[in-house]
Each structure stands twice: as structure tokens, then as C-alpha cells.
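Just below is one structure, and these are the notes that go with it.
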Amino acid sequence: MNFLRGVMGGPSAGPQPSGAETVRRGAGEAGARWYRYRDGAVPVPVTLPLAAFLRSRSCVTGWPPPRCWTTGGTPCAPSSRCPRNTASRSASRPWSTWFASCRPIEENSPKQVDDLGSQFTEIFIKQQENVTLLLTLVEEFDFHVRWPGVKLLTSLLKQQGPQVQQIILVSPMGVSRLMDLLADSREVIRNDGVLLLQQLTKSNAAIQKIVAFENAFERLLDIITEEGNSDGGIVVEDCLLLLQNLLKNNNSNQNFFKEGSYIQRMKPWFEVGDDNCGWSAQKVTNLHLMLQLVRVLVSPTNPPGATSSCQKAMFHCGLLQQLCTILMATGVPADILTETINTVSEVIRGCQMNQDYFASVNAPSNPPRPAIVVLLMSMVNERQPFVLRCAVLYCFQCFLYKNQKGQGEIVSTLLPSTIDATGNSVSAGQLLCGGLFSTDSLSNWCAAVALAHALQENATLKEQLLRVQLATSIGNPPVSLLQQCTNILSQGDKIDRRGSKVQTRVGLLMLLCTWLSNCSIAVTHFLHNPANIPFLTGQIAENLGEEEQLVQGLCALLLGISIYYNDNSLENYRKEKLKQLIEKRIGRENFIEKLGFISKHELYSRAAQKPQPSFSSPDHMMFDHEFTKLVKELEGVISKAIYKSSEEDKKEEEVKKTLEQHDNIVTHYKKVIREQDQELEELKQQVNTLKSQNEQLQTTVTQQVSQIQQHKDQYNLLKVQLGKDNQHHNSHSDTVQMNGIQVEEVSKLKEELEEWKNKHELLQGQLREKDSLIEKLKPLQLETGTEQSSQTSKSSGLEHNNELQKELEMLRTQIQLQSAEITKLQAENQKLQVMNTSADPALGDSSATAAKNLELEGRLVQEVKDLKNEVKALSEEKASLKQHLDSSNSTVAILQDEKSKLQQEVAESKKEQDDLLVLLADQDQKLSALKNKLKDLGVPVEDEDDIESGDQADEDEDGDEEEQD
């Protein structure tokens with residue numbers, strides 16, 4: 001009975017205090033509180049300066065740690081050096097003990113404790129020098145000084161956090177002094193330093209940045225690793241809380257954490273063994289905080305660029321793979337599994353690479369099933385916990401967020417061509433349809449929202465989903481998915497369901513609004529059913545209760561979408577007729593009022609705050625975050641569309657068509673730009689590859705050059721050694737050297753001999769030409785008849801003949817001189833050959849050492865030649881690569897050079913042609929002059945045609961002789 005009285009709060013069985021005793025006790029407690037305030041307020045302003053004065057004296061050293069005002073530890077042990085044992089206890093008590101006096105004797109007045117502590121803290125920080133002095137005392141290495149200072153500073157931050165933070169921030173090196181606590185070798189001080197930094201970094205971005213750049217991440221991660229990661233104790237929990245303070249809503253620190261490669265160090269935290277039984281409470285807490293820390297880095301509220309970079313880093317380091325392993329493991333506690341699903345959701349949200357990987361994850365079942373299918377099975381299972389079903393829905397939404405590929409895969413499982421006829425496997429589409437038409441209202445809502453996300457911002461899939469046919473019962477024809485949704489919506493009150501009937505109708509209306517928005521074909525299919533519009537107008541026109549107002553607002557939204565996205569393809573449901581129907585049956589003002597019920601609802605405001613569906617109970621699960629965006633987008637345009645006239649509708653349609661055309665053009669150019677970017681990336685990769693190859697070739701050339709230099713040095717050393725070994729063969733070496741020089745001279749003489757022979761042959765050809773000309777002229781001179789008529793011409797012919805004979809004699813003389821010189825050169829050549837033959841026996845009689853040396857020299861020369869050939873080949877390859885790179889830029893220059901060369905050749909050919917014409921003209925003049933002279937002498941001359949034919953024959957003979965030369 002005493003136990004029941006203690007629990008229920010009834011009177012105890014013992015004697016009860018009287019009224020007077022109760023009054024005395026209350027007065028005593030009030031007096032005790034007043035005395036405690038007086039006992040603390042009087043010495044607080046002077047205690048810390050006194051401690052600073054005693055700091056340098058030996059009596060302070062070794063003080064036992066006093067009781068802290070927040071932890072309620074036991075008082076310090078008696079000591080002759082402790083001022084607490086002196087007579088002047090009020091004036092010289094250690095400074096952290098005064099804040100312990102705020103702890104009341106009774107245990108049921110925490111408000112009084114906070115008030116008294118705040119008063120003491122306010123008194124203490126009025127003078128900022130006290131906090132600065134306290135920071136100086138914290139730097140002391142003495143345990144009995146440093147540890148109480150840490151505890152006192154922590155207490156000050158708990159009571160007056162923003163004020164103390166500002167004082168520490170403006171103190172010189174204030175934060176840096178406190179960071180040294182994490183490096184203290186004494187775990188007590190280090191752990192309390194972590195608690196101190198927790199209080200210091202709360203809601204202060206400036207201090208958070210300073211702490212982060214003081215290498216806090218490195219030290220905290222080291223502590224977590226030393227303590228055993230998730231298997232560690234409460235110290236790991238404190239470090240994780242501090243990390244969350246530093247990273248949450250602090251973009252600068254998040255970027256620093258990512259660039260410092262600290263994300264990679266988070267992977268070992270989630271290495272959970274196969275044996276997952278026996279999870280301790282501390283391990284669950286630690287792993288929960290670790291998952292929350294991952295979510296801080298990839299939160300949807302962060303800047304998109306920062307979130308995307310963190311998501312990619314988590315994939316590349318294997319953190320996402322580790323999380324998926326926990327997700328598919330067995331024996332994981334429910335709250336850890338739920339938080340893991342939420343974490344995986346935000347890691348893959350909006351990141352195509354991570355979404356593709358998650359789509360490939362399979363559960364360890366027989367047969368293996370995709371992870372997304374296993375999760376959907378949990379979502380539509382009403383026996384699963386509510387928070388777990390919300391987490392799975394969030395995971396599915398994040399998987400489909402900005403993932404048209406994933407949306408297409410989900411919708412394809414509903415299409416007739418891809419459904420598994422054997423029924424051996426369950427697809428995601430079948431699970432969604434099963435949940436959509438089950439008798440559990442929560443499953444209806446989750447499946448409807450999930451299917452709506454599969455259609456989000458994807459008009460193609462909205463049209464494809466119209467092809468889905470459902471078999472309702474045996475013997476009845478199949479109906480479309482759209483028709484089945486409207487049937488359930490209209491018969492909602494007649495179907496017995498578990499849960500809220502409003503929830504099912506809200507889910508279906510959200511699905512239909514998402515499906516019909518921005519899809520005229522879907523609107524046409526919806527209007528084909530003649531029962532849909534009367535149902536919507538009937539729902540909107542009725543005066544229903546507060547719970548049904550939300551359904552009325554969604555019906556108004558669906559009807560407005562049917563008007564706004566109507567393409568007027570159905571004559572009975574054109575825009576104007578639907579507007580007239582609203583005016584007659586509902587009224588425009590009433591329609592707009594019902595439409596505004598959605599955005600004014602409390603649950604709508606909660607859902608619009610963040611993407612994750614977080615609801616206190618299943619009854620509050622009404623709106624989806626993405627749907628709130630759709631309502632915000634359409635509410636205004638639908639309100640305007642209701643009041644627009646037909647002419648304004650036509651103008652708006654024309655504008656829409658123009659915008660669509662513009663969008664198509666923009667899409668086309670975006671595609672072209674994307675293709676060009678891909679080509680540019682490929683070219684950049686090729687350039688980088690060629691650059692790397694060029695660098696490799698340059699390195700190889702450098703190595704070959706160094707090897708050649710080494711061989712040259714070895715060759716020079718061998719030559720020096722051979723010179724020393726063959727000093728007694730000086731004469732023989734001189735002979736060999738002379739012989740080498742003579743060989744070079746012989747080669748030069750041979751070349752000169754060949755040149756003189758060519759010149760000799762050329763002169764002989766010229767001489768034959770002159771002889772032929774003389775032979776032609778001689779018969780003409782012998783036929784002269786009379787001396788009187790030919791005397792003048794004879795004298796001139798003789799003069800010409802004499803000139804020719806002189807020229808002939810000069811040519812013969814020149815030929816004789818050249819022949820003599822050739823004979824001389826041949827004699828010298830024979831002499832040199834004789835000298836070579838005479839030198840060969842001397843070489844043959846040389847010693848074996850000389851032969852060996854010559855053989856070594858030959859090998860070295862051959863190696864040098866081989867290396868030079870290799871260098872030449874590498875150089876040619878390098879040049880070809882460089883030419884390949886520069887070919888596109890030098891094509892125009894090459895063509896211009898070729899053009900200039902061709903023009904120059906044409907000009908030269910024209911010049912040569914002009915010269916030939918001049919020579920021919922001179923020759924014709926000479927021939928005509930000779931012909932006239934012969935005519936004057938009375939010599940018969942051939943006809944002009946015969947002469948031309950003869951000249952042509954002579955020119956042909958001259959051409960043949962020139963070709964032979």
C-alpha cells in the first residue's frame with residue numbers, strides 16, 4: 001500500500017505535519033534560498049581576482065577539484081591548503097564552488113536553480129576581465145586549476161550562452177586556447193573540453209568557423225576512432241554532437257569538411273558485422289547520430305552545388321554502398337533501419353549516379369529482388385511501423401526526384417508489354433496498384449503519392465500511363481487505371497476501409513491533379529467519362545463539414561486543371577461550357593473560395609516546409625511536399641482562367657503555342673550544344689592523351705640523349721686508354737691517321753674527277769654542234785662563181801669562217817687542258833691507291849691490341865649510330881604527332897604556300913618561254929641574214945617550207961642530244 005501511495009501521490013501512512021509546521025518549513029526554505037544568494041553574490045566579484053593572485057603561489061597548486069554547480073559532485077576533500085577549510089570560507093572559497101551553491105537542497109525546484117545560476121552568471125560576466133582571466137587559468141597545465149576552470153566556463157555558457165560567446169570571441173586567441181583542451185593527454189579534461197566546445201559552438205557561425213579551422217575535425221575524428229567508432233561510449237556521442245554543431249546550417253564548414261577528405265573517414269563508422277544481435281543502447285545512439293551527421297552534409301536545405309559534391313564524394317568513397325549494406329542487413333534495430341532509409345534517401349536525392357546505383361542494389365533473398373521492391377512491400381504493408389512506412393515513401397520520392405530514367409522504369413512495370421505473365425516476381429508497379437486499391441487508407445495515400453512522383457514533370461509518362469488496363473473482376477472487361485481511380489473516388493463512402501476515408505480521397509485527388517496537369521491528352525481522357533464533371537461540381541457545390549472542405553478544395557483544383565489544360569477537342573466539354581457550368585452550378589466566387597481551402601489548411605503549411613514526410617500520426621498524413629509546389633503554381637493561373645473571356649483564351653493559346661515553339665527551338669539548341677560539349681570533351685581528352693604521349697616521348701628522348709652522352713664519355717675514356725697503351729706504336733698510329741686523311745682526300749678527288757668528266761662531255765657536245773654548223777657552211781662557200789659579184793661577200797664569209805675556226809681552236813685547247821688535268825688527277829688517284837695498298841700490310845702487321853681497340857671503336861661507333869637512329873626515329877614520331885596536332889591549323893597556310901609556289905613556277909615557266917622565244921627570234925634573224933648573203937652571192941637557196949622542215953628536224957636532233965647529255 002505504501003508503494004501505491006507513493007506512486008499515486010496519496011498521503012503516507014506515517015504522521016502528517018501540522019499546518020504550523022508546514023508554515024515554518026516554508027519560511028525556512030525561503031530563508032535558505034535568500035542566504036544562498038547572499039552567500040554567493042557577495043564573494044563572486046572578488047573570488048576570481050583572488051584566485052588569480054594565488055595562482056602564482058604554491059598554496060593553490062594541488063587543490064582538489066571542487067564541486068561543480070551543474071553536476072552536483074561531492075565537495076572537495078579536506079585539505080590544509082584549500083581555502084574552503086579556513087575560517088574565512090565566505091571570502092576565500094574557490095571560485096567554481098560559489099556556483100555550486102545554487103544547487104538547492106530539495107530536488108523539486110529546478111526553476112529556482114536556473115534563476116539563481118543565471119543571477120550569479122550575470123554578476124560574474126558584468127566585468128569581461130573575469131572571463132578573460134578565466135581563459136588564462138584554463139591554459140594552466142595543473143589539473144586542479146585547469147579542470148575546474150573548464151567546468152566553470154561550461155556552466156557560464158549554459159546560463160548566459162550568447163553573452164559569454166561574444167566575450168570569448170573578442171578575447172585575443174580566446175577560441176584557440178580552448179581548442180588546446182582536445183589535445184590534453186588527460187581524458188577527463190579532454191572529454192569535458194568537448195562538452196565545453198558543444199556549448200561554445202551553439203548557434204554561433206563565427207565561432208563554428210574558427211573552431212573548424214583550428215583543426216577540430218581532425219581531432220574529433222581521431223577521438224572517435226580511438227574510442228571504437230560506433231562501439232564507443234558516451235565520448236563518441238559527445239564528439240558527434242559537437243560535429244553536428246559545427247556542420248549544421250554552416251556551408252563554409254561543410255565545404256571545408258568535404259575538401260579535407262573527412263567524408264572518407266566516415267565509412268568505417270558503418271561497418272556493421274554479420275552478427276547484428278545484441279545492440280547496446282549506446283551503440284544505437286552513436287549510430288543514430290552518425291546517420292544524422294551524414295544527413296547534415298546532404299540535406300535538401302543546403303545549396304544544391306554543395307549537396308551534389310558531397311553526394312558524389314560519398315559514392316566514390318563507398319559510404320553509400322555501406323549504407324545500403326545496413327539497409328539490406330538483418331537484425332538491425334527498427335529506429336536505426338528507419339534512420340538509415342532516410343539517410344540513403346537524401347544521399348541519392350537528385351544525384352543520377354547514386355540513383356542508378358540504388359536501382360541496382362538487390363536484397364539478399366532467393367530469388368534476389370531489387371531493394372526498391374522490398375522497400376515498397378514494407379510501405380504497403382499495414383503491419384509495419386508508421387515511421388518506417390514514411391521513411392520508405394521518402395526514399396521512393398528521393399529515388400524518383402529529377403530521375404526520368406527511374407520514373408520510366410517504374411511506369412514500364414505497369415504497361416501491358418512488360419508485365420510478367422508467369423507471376424513469379426512482383427514488380428514495383430504491381431505493388432503500387434495493390435496499395436492504391438487496398439482497404440487500408442494509409443496504403444492508398446502512400447501508393448497514390450508514390451505514383452504521382454513517378455509522373456512528376458514527365459508528360460511522356462503521363463500519356464503512357466493512360467494505356468494501363470486493370471482487370472476488376474472475372475467476366476468484366478478491363479478498365480483503365482484513370483477510370484478505376486475516378487470510380488473509387490466517386491464510391492469512396494460506400495467502401496469499408498481501415499483508417500480515414502478522407503485520406504484515401506485526398507490521395508487519389510492528388511494523383512489525378514498531378515496526372516492531368518500539363519497533359520491535355522490526359523484531360524481529354526478524364527472528360528470522356530461523363531460522370532466525372534457532375535461528380536466534381538456536386539462535391540464543390542455541397543456545404544459539407546470541416547473535414548470535407550479539404551476534399552472540396554482538391555475537387556475544385558481538379559476541375560480547374562480540366563479547364564486550364566483543356567485543348568477543346570471535346571465539343572461538350574470546351575472551356576467556355578465548363579466555365580458556364582461553374583457559373584450556374586457553383587458560382588465563381590464560391591469556386592475560388594473552395595479552391596483556397598487547400599493553401600489555408602494547417603497540414604498544407606506543414607508539408608510545404610520540407611521534402612521529408614514527417615507526421616505525428618497517420619491521420620495528419622494529408623499533403624505531399626511536391627504537391628504543395630503544384631498547388632502554389634496552379635492556384636493563381638486557375639483563378640485567372642475562370643474569369644477570362646473566350647478571346648483572352650484564344651490569345652493565351654496562341655501565346656502558349658509560341659512559347660512551345662520557342663521551347664522546342666531552345667531544346668534543339670540545347671541538344672546541339674550538348675553534343676558539341678561532348679565532342680569538345682572528347683577532343684580535350686585526345687589532346688591530353690597526345691600531350692601525355694609527347695611528354696613520355698620527350699622523357700624517352702632525354703633518357704636516350706643521356707645514354708648517348710654516357711656512351712660518348714665511355715668512348716672518350718677508351719680512346720684515352722688506347723692512346724696510353726699504344727704510345728710505342730706512334731709511327732703506326734701516325735700512318736693510320738695519315739691514311740685516314742688520304743682516304744678523305746681520295747674521295748674528294750674522285751668527286752672532282754666526276755665533275756670534270758661531266759664538264760668535258762658537255763664541251764664535246766658543244767664542239768659537235770659547232771662542227772656540224774661549219775660542215776653546213778663549207779659547201780655553200782665552195783659554190784661561189786664569179787670573183788666580182790662575190791668578192792665583198794667572200795671576204796665577209798672568210799672573216800666569219802676565221803672567227804669560227806678561232807672559236808674551234810679555243811675549244812680544242814680547252815679540251816686538251818681539261819684532258820691533261822684529268823690525266824693528272826687519274827695519276828694522283830693511282831698514286832693514292834698505291835699508297836693505300838702499301839699501308840694495308842702495315843695495318844695487317846699491327847699487334848693484336850690495336851685490332852682489339854679498333855674492334856671496340858667499331859662497336860662503340862655502331863652503338864652510337866643505333867642510338868642516333870633511335871633518337872631520329874623518336875624525333876620523327878614526335879614531329880608526326882606535332883604535325884597531327886597542328887594539321888588543322890596549318891592547312892590554310894600550306895595551301896597558300898603551294899599556291900605561291902605554283903604561281904612562282906608559272907612565272908618562271910613564262911620567263912623561260914619568253915627567253916626561248918627571244919633565242920628563236922635571234923636565230924631566225926641570223927638565218928635570214930645568211931640567206932640574204934647567199935642570195936647576194938648568187939647561191940641558190942631552198943624554199944621556205946623546206947627550210948622550216950629542215951629546221952624542225954635540226955631542233956629534234958638537238959633535243960635528242962640534250963636528253964642524252
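Remark: the range 504-565 carries 28 Å² of accessible area per residue (probe radius 1.4 Å; ligands, DNA and RNA excluded). Summarising the amide proton neighbourhood of A363: residues at separation of 5 or more, or on other chains, whose placed amide H is nearer than 5 Å comprise R369, A371. Between Q703 and I123, the contour length at 0.36 nm per residue exceeds the Cα-Cα span by 201.0 nm. Other residues whose C-beta falls under 13 angstrom from the C-beta of E626 contribute a net charge of +2, scoring Lys and Arg +1 and Asp and Glu -1. Split the accessible area of the range 350-494 by element, probe 1.4 Å, and carbon with sulfur accounts for 53%.
Test of understanding: what is the full-extension gain from S645 to V720, defined as 0.36 nm times their sequence separation minus their Cα-Cα distance?
In short, 16.1 nm is gained.
In percent, rounded to a whole number, the relative contact order of the range 257-330 is 48, using alpha-carbon pairs under 8 Å and six or more apart. Extension gain for the segment T325 to K899, taken as residue separation times 0.36 nm less the Cα-Cα distance, is 199.6 nm to one decimal.
Can you give the net charge of the other residues whose Cβ lies under 15 Å from the Cβ of V294, counting K and R as +1 and D and E as -1?
Charge balance in the 15 Å sphere: +4.
Placing +1 on each Lys and Arg Cβ and -1 on each Asp and Glu Cβ, with no other charges, gives the range 543-605 a dipole about its Cα centre of roughly 340 debye.
Inter-label distance, A820 to S425: 10.9 nm, where each label sits 7 Å from its Cα along the C-beta direction. About its Cα centre, the dipole of the range 254-348 is roughly 280 debye, where the only charges are +1 on Lys and Arg Cβ and -1 on Asp and Glu Cβ.
For the cross-link pairs K575/K640; K402/K629; K151/K283; K594/K640; K629/K670, the ones whose C-alpha atoms lie over 19 Å apart are K151/K283; K629/K670. The local environment of V347, defined by Cβ-Cβ distances under 12 Å, has a net charge of +2 under the rule Lys, Arg +1 and Asp, Glu -1. Label sites at Q464 and E589, each approximated as a point 7 angstrom past Cα along Cα to Cβ, lie 4.8 nm apart. Sorting 195-201, 248-254, 901-907 by their mean Cβ neighbour count within 10 Å, with the most densely packed peptide first, gives 195-201, 248-254, 901-907.
Extending 7 Å from Cα along the Cβ direction at Q609 and again at L917 yields two label points whose distance is 10.1 nm.
The values are calculated or read from the model by the stated rules, or taken from the named source; none is laboratory data. Every value quoted in this text rests on a predicted model; they were computed, and no experiment measured them. Here Cβ is always computed from backbone atoms with ideal geometry, including for glycine, and neighbour counts include all displayed protein chains. Remember, those area values only see protein heavy atoms, side chains included, never the ligands or the DNA or RNA. Shrake-Rupley method; radii C 1.70, N 1.55, O 1.52, S 1.80 Å.
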